[in-house]
Amino acid sequence: MLKYIIKRILMLIPVLIGVSIIVFLIMRVFSPDPAPIVLGQHATQEAAEAWRQANGLNDPIYLQYWHYLQGALTGNLGTSYYTKTPVIKEIMARFPATIELAVVAIILASFFGILIGVISAVKKNSIFDNAGMLLALIGVSMPIFWLGILLIIFFSGTLHWLPSNGRINPLLEPIHITGFYLIDSLITGNISAFADALRHLILPASALAMYSMAIITRMTRSSMLDTLQQDFIRTARAKGIAEGRVIVRHGLRNGLIPIVTVIGLQLGSLLGGAVLTETVFSWPGIGAYTVTCILKSDFPVVQGVVLLVAAIFVLVNLIVDVIYAFLDPRIKYSKKEV
Amino acid sequence: MLLEVKNLSTEFQLKRGIIKAVDDISFTLDKGEILAIVGESGSGKSVTSHSIMGLLQKPGRISGGEILFKSRNLNKLSRKELQKIRGNQISMIFQEPMTSLNPVWRIKDQIIESITTHMQVSQKEALARTIAMLDTVGIPSPAQRANDYPHQMSGGMRQRVMTAMALACGPELLIADEPTTALDVTIQAQILELLYRMREKFQMAVLLITHDLGVVSEAADRVIVMYCGKIMEEADVRSLFTRPLHPYTVGLLQSIPQIDDDSDKRLYMIKGMVPNPLTMPPGCPFSDRCDHSMERCTKEMPELKEIAGQKVRCFLFEEGEGGGLGAK
Ligand SMILES: Nc1ncnc2c1ncn2[C@@H]1O[C@H](COP(=O)(O)OP(=O)(O)O)[C@@H](O)[C@H]1O
Ligand SMILES: [Mg+2]
C-alpha cells in the first residue's frame, strides 16, 4: 500500500511537467502581451520593450520554460507582474479561503446528497423520491451565480439573517496561523470570530454545494437502488436485522464506492476555485483572483495556480483510491496493478 | 405441529397482469422433520419460502391464506415481531453462496451480528459461539478463517458459512432454498450431509427446496411436488420414489441422471416448457406437456385427492386407487 502511494506521488512529476508546458504555451500564444497592461496604455514602445527584456519574455519559449523550470525546482515560481510579490505568497494568501469554502461545501453536499439519495432509493417512486429527484434536477440546472444572488436577496437582504460578502467581519479577524478562519479562531479560543466566520460561510457554501449535492444525490440513489437488490441484503433481512441497519450498515456501506468517487471529483473541482461563487459573495479565494490574473496576463501567477490545482486534483484522486481499499477488502493495490 | 401453511396464495401484480406465483397451497411441517419441495424452475418454490420469511419484494404480496408458526400467523405479525423470529427461530439459506454474504464484512462479523441481534451475549461470547459454529459446519481452522472476507473462500465454504450463520441462534426451522444448486457435485453431497447432520444435532425442522429429485432421495422425509404455483403431489419419500402417481412426478423421476446407466442412453426430459405464468391455461397446468392428457384436463382443474396416504392432483386418479398410470 505504502509503495503504491509513493509510486502515485512520484507520478505527479510527469503530470506537473506536462501541465506546466501546456499552460506555459497557452499563456504565451493566446494571451495578450502583458507589457502594455502592466505599464499602462501610455507607456512608450521602448519602455515596453525594456520591460519584456527584463522579464525574459524576449527569449525563445523553450528557454523561458527552462528558466521557469529551474526556478520551480528551487521553489521559486516567480513574482506577480503587478504586485511584485512572490507567486507562492500570493497563492497562500488566498488559497485557505478557497479550501475552507470548498471543504464546508463538500461536507454539506455529501451529507444532504447521501441522505436524500438513500431516502429516494429506499422509497423509490414515492413522493419523497420524486421530490428528491426534482431537487437534484434543480441543483444541476440552476446557474450557481443566480442561486447565489437569490440567497443573498432573501437571507441577507429581506431577512437580514446572514452576511452576504467576505469571510469575516474585519474587526473579528483571528490571528493567521493556518489561514483557515474556522480553525484559527478555535485555536485562539476566539468564539465570536468562529461564529462570525461560520455565518459568513453559510450562504456561499450553500450556493456552491448545490450542484455537487445534486450529483451526489443522483449517484447515491442509483448506487443504493443497485445495492439494495443484492442477495446479501436479503440475507441481512433474513437474519432479522432491523431495516434501518440493513440499509445503512449493509446497503450504504456497500454502495459507497461510486459515491466516494463523485465526492472526490467534486471536491477536486471545488478546490480549483469557484469563480462565480467567489465573485458573487466577494469571497477572497483563488478562483476569482486567477480569472483577473488571466485577463491581465499575469503569467507567473496563472502558471502557479494551474500547477497547484493539477497537483491537488491528482492528490484528491489518490486519496479516493486509498479510501477504496479501506471500503472494499477485494481491492488490493499490488505492484503489478500500478 | 411446528409450521402449518394453509391455503397460501402469493401473487405479483404487474402492469401486464397478475402472476399467481403460489396458488392455494397447504402443507405442514413437524418438529425435526425434513420436508422437501420439488419442482422445475419457476414453479413458485422460492416465492413460497419468501412468503414464509416475510421477504417478499414489491410487487409481490400474500393474497390469501395463513402461515402458522407455532400457532402464530406470521403474515399478521408486525415487522418488529417478525424480525424477532427471523434468523432466530426460523432461518434461511439461499441458493447463491457467492453473493449471499456481504462482501465487505468479515465473516465473523456477519455471524456475530446475527447472534447479538437475537441473544443477550457479550461480543466475546458471540465470537466464541461464531467460531464454535464454524467448527461445527466443518470449516478447518475456524478461528483464523473467521477473519476472512467472503471473496477469500470457495463456494462450498461460503455455503458452510451461510449454514453456520443460519444455525447460530439455534433455529427450530431452517428453510434451505436450493442450497446445493450452485455447487459442484461433490460439494453438493457434503452440504446435504451437513444439513442432515445439523438436523440430528439441533433437532430442527428443515424445509428443503430443490429442483433436483436426486437431492430429495438422500435427505428428505416427505416430499411436495410443485408445478406452476400448485401442489401436484405429496408423499413420503419412499412412496414417491417407489410409486409416483402424477405424470409430472414420473417425468421428474425419469430425468434424474443415473450414474450406473448405460452412457449412450440420452437423458430423459419432460417435453415442452413451463407455461407463461401470465397466460396460464384453464385446467391442469401440466396438461399441454402430459402424455396422458385428456380433453377434460385442458378445461377443468383437478382437485388434490388423497390416495392411500399420498396426495395427487390428477384426473387419472379420480376413481380412486386402481386407476391412474397402472403398472407404470
Ligand atoms: N419479483 C418478481 N416479479 C414478478 N414475478 C415474479 C417475481 N418473483 C417471482 N416471480 C414469478 O413467480 C414465479 C415463481 O418464481 P420462483 O418462486 O422464483 O420459482 P422457483 O420455483 O424457481 O423458485 C415465476 O413464474 C416468476 O415469474
Ligand atoms: Mg428459486
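Quick notes
- When the test is whether a residue is in contact with a helix residue (DSSP H, G or I) (Cβ under 9 Å, 6 or more places away or on another chain) and aromatic (Phe, Trp, Tyr), A:TYR62 does not pass it.
- Boolean, A:THR279 is in a helix (DSSP H, G or I) and within 9 Å of chain B (Cβ to nearest Cβ): no
- Taking the criterion of being over 15 Å from B:PRO97 (Cβ atoms) and either within 16 Å of ligand 1 (Cβ to nearest atom) or among the small types (Gly, Ala, Ser) (or both), the residues of segment B:176-208 that qualify are B:ALA189, B:ALA205, B:LEU207, B:LEU208.
- The criterion of being at the interface with chain A (Cβ under 9 Å from one of its Cβ atoms) and at pLDDT 95 or above does not hold for B:PRO142.
- Verdict on B:VAL225 being hydrophobic (A, V, I, L, M, F, W, C), within 16 Å of ligand 1 (Cβ to nearest atom), more than 14 Å from chain A (Cβ to nearest Cβ) and not in a loop (DSSP other than H, G, I, E, B): yes
- Checking segment A:300-321 against the condition returns no match, with no residue being without any contact (Cβ under 8 Å) to a residue 12 or more places away in the chain, crowded, with 21+ Cβ neighbours inside 10 Å and more than 30 Å from A:PHE155 (Cβ to Cβ).
- Residue within segment B:111-118 that is more than 10 Å from chain A (Cβ to nearest Cβ) and surrounded by fewer than 22 Cβ atoms within 10 Å (Cβ to Cβ) present: yes
- Segment B:264-286 - residue that is more than 21 Å from B:HIS211 (Cβ to Cβ) and not in a loop (DSSP other than H, G, I, E, B) and, of those, nearest to ligand 2 (Cβ to nearest atom): B:LEU278
- The single residue among A:HIS200, A:HIS250 that is surrounded by 22 or more Cβ atoms within 10 Å (Cβ to Cβ), touching a Phe, Trp or Tyr at 6+ places or on another chain (Cβ under 7 Å) and in a helix (DSSP H, G or I) turns out to be A:HIS250.
- All of B:GLY44, B:GLY17, B:GLY32, B:GLY65 fail the test of being within 16 Å of ligand 2 (Cβ to nearest atom) and more than 11 Å from chain A (Cβ to nearest Cβ), apart from B:GLY44.
- Residue in segment A:224-241 that is within 29 Å of the chain's Cα centre (by Cα), away from every other protein chain (no Cβ under 14 Å) and not aromatic (Phe, Trp, Tyr) present: yes
- Residues located in segment A:34-48, provided they are more than 36 Å from the chain's Cα centre (by Cα), at pLDDT 85 or above and either surrounded by 14 or more Cβ atoms within 10 Å (Cβ to Cβ) or polar (S, T, N, Q) (or both): A:THR44, A:GLN45, A:ALA47, A:ALA48
- For the residues B:ASN102, B:ASN88, the requirement of being assigned to a loop (DSSP other than H, G, I, E, B), at the interface with another protein chain (Cβ under 7 Å from one of its Cβ atoms) and crowded, with 21+ Cβ neighbours inside 10 Å singles out B:ASN102.
- Which listed residue, of B:ASP212, B:ASP177, is surrounded by fewer than 21 Cβ atoms within 10 Å (Cβ to Cβ) and within 16 Å of ligand 2 (Cβ to nearest atom): B:ASP212
- On inspection, B:PRO97 passes the criterion of being within 16 Å of A:ARG234 (Cα to Cα) and either at pLDDT 95 or above or more than 8 Å from every other protein chain (Cβ to nearest Cβ) (or both).
- Scanning segment A:87-137 for residues that are among the hydroxyl-bearing types (Ser, Thr, Tyr) and closer than 20 Å to A:GLY268 by Cα, we see that the one that is surrounded by the most Cβ atoms within 10 Å (Cβ to Cβ) is A:THR98.
- Residue within segment B:281-297 that is at negative phi and modelled with pLDDT under 85 present: yes
- Verdict on B:GLY60 being more than 12 Å from ligand 2 (Cβ to nearest atom) and facing chain A (nearest Cβ under 9 Å): no
- Restricted to segment B:58-84, and to residues there that are touching a Leu at 6+ places or on another chain (Cβ under 7 Å) and over 19 Å from B:PHE27 (Cβ atoms), the residue that is modelled with the lowest pLDDT is B:PRO59.
- Entirely in segment B:1-57, the strands (runs of 3 or more DSSP E) that have 1 or more residues that are farther than 19 Å from B:PRO179 by Cβ and more than 9 Å from ligand 1 (Cβ to nearest atom): B:3-14, B:17-29
- Matching residues, segment A:277-307, being over 13 Å from the mean Cα position of the chain (by Cα) and more than 21 Å from A:THR79 (Cβ to Cβ): A:THR279, A:VAL280, A:PHE281, A:SER282, A:TRP283
- Segment A:24-133 holds helices (runs of 4 or more DSSP H) entirely within its bounds, and those carrying 3 or more residues that are of a type in the set (Ser, Thr, Tyr) map to A:61-73, A:87-122.
- The residues on offer are B:MET198, B:MET153, and the sole one that is within 13 Å of chain A (Cβ to nearest Cβ) and crowded, with 17+ Cβ neighbours inside 10 Å is B:MET153.
- Of all the criteria given as (1) assigned to a helix (DSSP H, G or I); (2) closer than 30 Å to A:HIS200 by Cα; (3) at pLDDT below 90, the one not satisfied by A:LEU307 is (3).
- For segment B:196-209, the set of residues classified as more than 16 Å from ligand 2 (Cβ to nearest atom) and either of a type outside the set (Gly, Ala, Ser) or assigned to a loop (DSSP other than H, G, I, E, B) (or both) consists of B:TYR196, B:ARG197, B:MET198, B:ARG199, B:GLU200, B:LYS201, B:PHE202, B:GLN203, B:MET204, B:VAL206, listed by residue number.
- Exactly one residue out of A:MET224, A:MET213 is part of a helix (DSSP H, G or I), within 27 Å of A:VAL140 (Cβ to Cβ) and out of contact with any Phe, Trp or Tyr (no Cβ under 9 Å at 6 or more places or on another chain), and it is A:MET224.
The values are calculated or read from the model by the stated rules, or taken from the named source; none is laboratory data. Note that this is a predicted model, so its numbers are computed, not measured. No Cβ is skipped: glycine too gets one built from the backbone with ideal geometry, and neighbour counts run over all protein chains shown.
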